[in-house]
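A.B. asks: The structure that follows is given in the form of structure tokens.
The values are calculated or read from the model by the stated rules, or taken from the named source; none is laboratory data. Small disclaimer: the values here were computed from a predicted structure and weren't measured. No Cβ is skipped: glycine too gets one built from the backbone with ideal geometry, and neighbour counts run over all protein chains shown.
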Amino acid sequence: MKKVSGQLSLLGDSIINAKQCNYSLIKIGGQILPKVVVPIGLNNFLDVDADGVTTLHYVKLFYTSPLIIGIETPSGERYYAKTNAFTSLIILICSIILIPFLGLGLLFLPAAFAVIATDIAGGQLQDQGFTPVK
């Protein structure tokens, strides 16, 4: 899990669906995160107009876009995206079972690893006292 802190100054164009918000970029401090995925529950806490330091905790695997897992707001509130560990287990089992069938399981393995990484990062943030949101 990585984190970046600073003044949240820009939220790029976004596409919102029922579970997540995909931003073309997020500028925080002096850094730009391209193609960022934010769970819909955490999207409400991204505020460009807030004065102070915002910290974004995210997971970035080599084949995925940055996925925001936790947010520390300038007012000191701390939130993380609660995930379902059962879902990651099902994806992993299905991908392993489907490997003998024309290698279809290999297509699901990156998704399984991404979900497992978010589960681990969410657990770390929970241990640090972050409040879960769905």
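A.B. asks: Would you check if there is a residue in the stretch 92-108 being at pLDDT 85 or above, farther than 24 Å from residue 25 by Cβ, touching a Pro at 6+ places or on another chain (Cβ under 7 Å) and of a type outside the set (Asp, Glu)?
C.D. replies: no
A.B. asks: Let me ask something else about it. On the basis of being in contact (Cβ under 8 Å) with a residue 12 or more places away in the chain and surrounded by 14 or more Cβ atoms within 10 Å (Cβ to Cβ), does residue 63 make the cut? Spell out the reasoning first.
C.D. replies: Working: in contact (Cβ under 8 Å) with a residue 12 or more places away in the chain: yes; surrounded by 14 or more Cβ atoms within 10 Å (Cβ to Cβ): no.
When the stated conditions are applied, residue 63 does not pass them.
A.B. asks: Could you grab me the full set of residues in the stretch 56-72 that are within 13 Å of the chain's Cα centre (by Cα) and either more than 17 Å from residue 130 (Cβ to Cβ) or not hydrophobic (A, V, I, L, M, F, W, C) (or both)? Steps first, please.
C.D. replies: Filtering the stretch 56-72 for residues within 13 Å of the chain's Cα centre (by Cα) gives 56-61, 64-71.
Matches in the stretch 56-72: 57, 58, 60, 61, 64, 65, 66, 70.
A.B. asks: Keeping to the stretch 32-60, report how many residues are of a type in the set (A, V, I, L, M), touching a residue at least 40 places away in the same chain (Cβ under 8 Å) and part of a loop (DSSP other than H, G, I, E, B). Reasoning before the result, please.
C.D. replies: Looking only at the stretch 32-60, we keep the residues that are of a type in the set (A, V, I, L, M), and these are 32-33, 36-38, 40, 42, 46, 48, 50, 53, 56, 59.
Cutting the leftovers down to touching a residue at least 40 places away in the same chain (Cβ under 8 Å) gives us 42, 48, 50, 53, 56, 59.
Filter again for part of a loop (DSSP other than H, G, I, E, B), leaving 48, 50, 53.
Of the residues in that region, 3 qualify.
A.B. asks: Identify all residues within the stretch 1-31 that are part of a strand (DSSP E or B), aliphatic (A, V, I, L, M) and in contact (Cβ under 8 Å) with a residue 12 or more places away in the chain; write none if there are none. Give the steps one after another, and end with the answer.
C.D. replies: So in the stretch 1-31, the residues part of a strand (DSSP E or B) come out as 2-6, 8-11, 14-16, 20-28, 31.
Right, trim to aliphatic (A, V, I, L, M) and you get 4, 8, 10-11, 15-16, 25-26, 28.
Of everything in the stretch 1-31, those that are part of a strand (DSSP E or B), aliphatic (A, V, I, L, M) and in contact (Cβ under 8 Å) with a residue 12 or more places away in the chain turn out to be 4, 8, 10, 11, 16, 25, 26, 28.
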